[in-house]
Amino acid sequence: MTDVAAILDCYTVEPSGLGVPPYLSTYARAAYGALVWAFPGADVRYLTIDDVRWCLNGAKPYVEPPLSDRLTYSATASREKTLRILADARMVVVIAGDAVPSVHLQAQNGSVEEIARALACVRGGRVLLGPLASWVLRDPGAYAGLFDAVHTHTVTSADLGAGSRAAAPYELLAADRGSYGGLVGQLGWRPVAEIELYRGCTRRRFCSFCNEPVKSSHVTFRDPADVLEEITALDAAGVRNMRLGQQTCFFSYLNRDVAAIERLLAGIRERCPSLEVLHIDNADPLAVASRTGAAIARLVALYCTEGNCAPMGIESFDPAVIKANALTCTPQVLMRAIANVNEAGAHAGPGSLPVFLPGLNLVYGLPGETHRTHYENLAGLVRILDEGYQCHRINVRQARVYQGTPLAAMTQVQPPPSAEHFETWKADVSYVFDQPMKQRVYPAGRTLAGLHSFFVTTRGTWHRRLGYAPGCQ
């Protein structure tokens, strides 16, 4: 067997982090460092499930050019040799798990069936890392024979082959960190590096559906110096796009320490003068709505690049759903949070995009939902429009039961109304709120600089600025 180790990235989506191209997840970087240190001198190859699909489809896409194929779009430098690398590798680390229902224009998460098919040729060790691990541990019989070791949160060179059910200390992860040049050089795209600032949730009460408290029951903040060292290493490897997104709330970092947050943001800008994108992700409306939140919003607008978004989970405007699921954001709190972000960042940046806007998350299918829930949601969204605020985007999804969360223990005798009406209700939200808001934020005639065409469909060519959610045709 040749001296090769491999990562097979099947992509991850969680409430507090994104690992779908162009985003390069914390999981992928930790796995790379662990393999480099565990197998000195080995050639560590980064592969994607798209590479596997390409090979299994006879080295061709599933759609005819010039259309883009989201099943094979995210190719790496090793695409043509993927199956041979998997067969020869001393160890393969599979990264997988979709903790949040999601659909991506240019990617599709690897299914368990696809993973099993890819691993059929693997002769070395088979290790799982990511959200899928929680399902494997709860029902090992359903995944029998697939993996030799399972890691739920992190992986290090010390525990690589043994598995782990708790996150490793940040100091151990830092010890495995070296140059990212060997990893970044294998990517077929310009990555946005997802950066983690802390683990756990700073709320006293946890939302019923969120998996973050399951991942880490206690809040552990990462030292700002460690964050800066990792970002500097990524910058040295040629990564020019960063998102401070792998945590439940950017505003709550170091318990809303405004001075420390400013030192971090200023330090990133000083160390990475060629930075093209610096964004955040995830914001607790309770934190954003406070006076401290308003100050932090101004710092984000000052130091980060335009097109930035603070996604906030109102989850539901219905008081009954809010109470049943221990949701801490009320419509009144949300309006204050939206106002703070708009005041700080609604103005246009040098590239004509708003500098910093709120994003909204709505979840249907939670306990307590009735037909009135949809009315309350629409009424709440209309109030935002009527107040004249701007919003970057709205994400409407159905609740997914994640093992270990309170939602998993909450039984509903009857399916919620959204089980039948979700697609119609989602279309209502688009018509009533999303389309008018897009017309407000991106009025006809506005020229957007720095766009690149990245995906071709039967509806036309999609263009976007890297790290920015909405595309345009």
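Values computed for the structure shown
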| read-out | value |
| --- | --- |
| Residue that is surrounded by the fewest Cβ atoms within 10 Å (Cβ to Cβ), among those in segment 404-440 that are of a type in the set (A, V, I, L, M) and at pLDDT below 95 | V413 |
| Checklist (1) within 27 Å of L234 (Cα to Cα); (2) at pLDDT below 95; (3) under 21 Å from the mean Cα position of the chain (by Cα) applied to L183, failing item | (2) |
| Count of residues meeting criterion [among the β-branched types (V, I, T) and surrounded by fewer than 24 Cβ atoms within 10 Å (Cβ to Cβ)] in segment 303-331 | 4 |
| Total residues in segment 409-461, condition in contact (Cβ under 8 Å) with a residue 12 or more places away in the chain and farther than 30 Å from R190 by Cβ | 15 |
| Tally of residues being outside any helix (DSSP H, G or I) and either outside the structural domain of A399 (by TED's automatic domain parsing) or of a type in the set (K, R) (or both) across segment 326-384 | 0 |
| Selection status of I314, closer than 24 Å to G388 by Cα and either outside any helix (DSSP H, G or I) or under 18 Å from the mean Cα position of the chain (by Cα) (or both) | yes |
| Leading residue by the ranking (nearest to the chain's Cα centre (by Cα)) among those in segment 1-18 that are more than 17 Å from A87 (Cβ to Cβ), at pLDDT 95 or above and not β-branched (V, I, T) | Y11 |
| Some residue of segment 266-274 being under 27 Å from G450 (Cα atoms), outside the structural domain of G19 (by TED's automatic domain parsing), polar (S, T, N, Q) and surrounded by 20 or more Cβ atoms within 10 Å (Cβ to Cβ) | no |
| From the options V52, V44, residue that is within 20 Å of E194 (Cβ to Cβ), over 20 Å from the mean Cα position of the chain (by Cα), surrounded by 19 or more Cβ atoms within 10 Å (Cβ to Cβ) and modelled with pLDDT of 95 or more | V44 |
| Per-region count, segment 56-88, residues touching a Lys or Arg at 6+ places or on another chain (Cβ under 6 Å) and not in a helix (DSSP H, G or I) | 3 |
| Among the candidates L299, L286, residue that is within 30 Å of L407 (Cβ to Cβ), outside the structural domain of P22 (by TED's automatic domain parsing) and part of a helix (DSSP H, G or I) | L286 |
| Condition check for T12: crowded, with 22+ Cβ neighbours inside 10 Å, part of a loop (DSSP other than H, G, I, E, B), touching a helix residue (DSSP H, G or I) at 6+ places or on another chain (Cβ under 8 Å) and not assigned by TED's automatic domain parsing to the domain that holds R397 | no |
| Looking only at segment 425-462, and only at residues there that are among the hydroxyl-bearing types (S, T, Y) and out of contact with any His (no Cβ under 9 Å at 6 or more places or on another chain), the one that is nearest to V363 (Cα to Cα) | S430 |
| Scope segment 143-178; condition closer than 20 Å to L24 by Cα and either modelled with pLDDT under 95 or within 21 Å of the chain's Cα centre (by Cα) (or both); matching residues | H151, T152, H153, T154, V155, A167, A168, Y170, L173, G178 |
| Lone qualifier among R256, R243 - being in contact with an Asp or Glu (Cβ under 7 Å, 6 or more places away or on another chain) and either part of a loop (DSSP other than H, G, I, E, B) or crowded, with 21+ Cβ neighbours inside 10 Å (or both) | R243 |
| Some residue of segment 208-229 being touching a Phe, Trp or Tyr at 6+ places or on another chain (Cβ under 8 Å), assigned to a helix (DSSP H, G or I), modelled with pLDDT of 95 or more and not assigned by TED's automatic domain parsing to the domain that holds P15 | yes |
| Test for T82: is it surrounded by 24 or more Cβ atoms within 10 Å (Cβ to Cβ), out of contact with any helix residue (DSSP H, G or I) (no Cβ under 7 Å at 6 or more places or on another chain) and farther than 24 Å from Y198 by Cα | no |
| Matching residues in segment 138-153 - criterion: being touching a strand residue (DSSP E or B) at 6+ places or on another chain (Cβ under 6 Å) and assigned to a helix (DSSP H, G or I) | none |
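Per-residue answers, yes or no, for (1) at negative phi; (2) without any contact (Cβ under 8 Å) to a residue 24 or more places away in the chain; (3) not hydrophobic (A, V, I, L, M, F, W, C):
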position	(1), (2), (3)
E262	yes, no, yes
E276	yes, no, yes
P285	yes, no, yes
Y303	yes, no, yes
G307	no, no, yes
M312	yes, no, no
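The values are calculated or read from the model by the stated rules, or taken from the named source; none is laboratory data. All figures in this text were calculated on a predicted structure; none of them were measured in a lab. Positions of Cβ are generated from backbone atoms using ideal geometry, with glycine treated the same way; all protein chains shown enter the neighbour counts.
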